[in-house]
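Trainee: What follows is a structure written as structure tokens; I'll ask about it next.
The values are calculated or read from the model by the stated rules, or taken from the named source; none is laboratory data. Note that this is a predicted model, so its numbers are computed, not measured. Cβ sites come from the backbone with ideal geometry, for glycine too, and all protein chains shown count toward neighbours. Ligands, DNA and RNA are excluded from the accessible area calculation, which covers all protein heavy atoms including side chains. Shrake-Rupley method; radii C 1.70, N 1.55, O 1.52, S 1.80 Å.
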Amino acid sequence: MAQGSGNISKGNGLQRVLRMFIWVVAIAYFPVMMSFIAVEKSDLVCSSYEAKICNESDDIMITREQLRNIVRQTWPDIEGKPYSEMNLHEMEQTIERLPVVKNCEIYTTPGGKLHVEVLQREPVMHVFTSASSFYMDKEQYRVVAQRDMQANAVVVNGHVNSALDSSDLVELCLFIRGDSFWRSQIEQIYVTEKHEYILVPRVGDHIIEFGGIEDMETKFENLYTLYHKGWQPHEWNLYKKINLKYKGQVICTKRS
């Protein structure tokens with residue numbers, strides 16, 4: 001038994017020595033490899049570049065081709081330029097100054113390809129005032145509207161200047177945007193002087209007096225029930241107004 005225990009101890013000892021040897025080799029090898037990588041990276045040049053919109057959707061604030069053109073115009077000599085002469089962090093900051101860009105990441109791959117990836121801002125509303133037209137995202141960041149932007153955001157108008165300082169309007173637009181039915185049905189929000197909301201649907205010749213956002217989910221549930229169970233298809237154009245302002249009530253006003 002004693003001899004067997006000695007063999008086990010000797011075996012464990014050899015394993016410990018082997019492990020220590022592996023660690024010594026690894027520690028010695030690591031700085032050598034890093035030096036090779038550093039030398040290789042310093043000699044690496046930009047062979048090509050790729051532009052990517054990470055959150056591409058039906059809401060187009062910037063296209064991949066537009067991003068690629070911006071890179072080409074901002075850094076016209078980028079292809080063939082050594083990476084040792086580039087500051088990728090400063091390049092990211094330059095792209096992030098574009099109003100439509102929320103975040104930018106730029107990195108390289110071993111073959112020398114430069115990758116420019118951005119997150120575009122996602123507007124929740126398209127605001128029209130007497131003086132301007134702009135998109136606004138959930139952080140209430142404003143982007144001046146351009147002709148080539150194709151964001152499917154609900155239109156907001158009326159007495160909007162002071163209402164934009166409130167998170168209520170953003171919350172209402174986010175709710176509409178987050179539901180496929182309401183996103184396709186509600187096309188406009190009119191803000192009254194009292195900061196109450198009137199919704200204008202795409203289908204049906206009526207308006208919806210929504211009031212404020214208190215009990216918002218219940219109001220939309222009641223409206224959904226009216227659309228799908230209360231009205232027959234031919235009745236959608238018989239009413240001029242739906243009032244949801246009063247708790248637990250849906251008041252419909254027929255055309256005279």
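Trainee: Specify the residue that is most open to solvent (accessible area, probe 1.4 Å); the eligible residues are those in segment 196-209 that are at negative phi and part of a loop (DSSP other than H, G, I, E, B).
Mentor: Filtering first and then ranking leaves R202.
Trainee: Please verify whether segment 224-245 includes one or more residues that are under 31 Å from the mean Cα position of the chain (by Cα), outside any strand (DSSP E or B) and closer than 24 Å to V170 by Cα.
Mentor: yes
Trainee: Next up: For F181, indicate whether it is open to solvent by less than 60 Å² (accessible area, probe 1.4 Å) and closer than 16 Å to I251 by Cα.
Mentor: The answer is no for F181.
Trainee: Additional query: Looking at Y135, Y107, which is the one that is free of Cβ contacts under 8 Å to residues at least 24 places away in the same chain and not hydrophobic (A, V, I, L, M, F, W, C)?
Mentor: Sole residue among the options that is free of Cβ contacts under 8 Å to residues at least 24 places away in the same chain and not hydrophobic (A, V, I, L, M, F, W, C): Y107.
Trainee: Related question: Could you check, for segment 70-79, whether at least one of its residues is in contact with a strand residue (DSSP E or B) (Cβ under 7 Å, 6 or more places away or on another chain), among the charged types (D, E, K, R) and not in a loop (DSSP other than H, G, I, E, B)?
Mentor: Checked segment 70-79: no residue is in contact with a strand residue (DSSP E or B) (Cβ under 7 Å, 6 or more places away or on another chain), among the charged types (D, E, K, R) and not in a loop (DSSP other than H, G, I, E, B).
Trainee: From the list E171, E217, E187, E193, pick out the single residue that is within 29 Å of S57 (Cα to Cα) and loosely packed, with under 13 Cβ neighbours inside 10 Å.
Mentor: Only one candidate passes the filter, namely E217.
Trainee: Turning to a different aspect of this structure: Any residue at all in segment 79-101 that's among the small types (G, A, S), touching a residue at least 40 places away in the same chain (Cβ under 8 Å) and open to solvent by less than 20 Å² (accessible area, probe 1.4 Å)?
Mentor: No.
Trainee: Step by step: first the residues of segment 165-189, then only those that are touching a residue at least 24 places away in the same chain (Cβ under 8 Å) and of a type in the set (V, I, T), then the one that is farthest from F210 (Cα to Cα). Which residue is that?
Mentor: Selected residue: V170.
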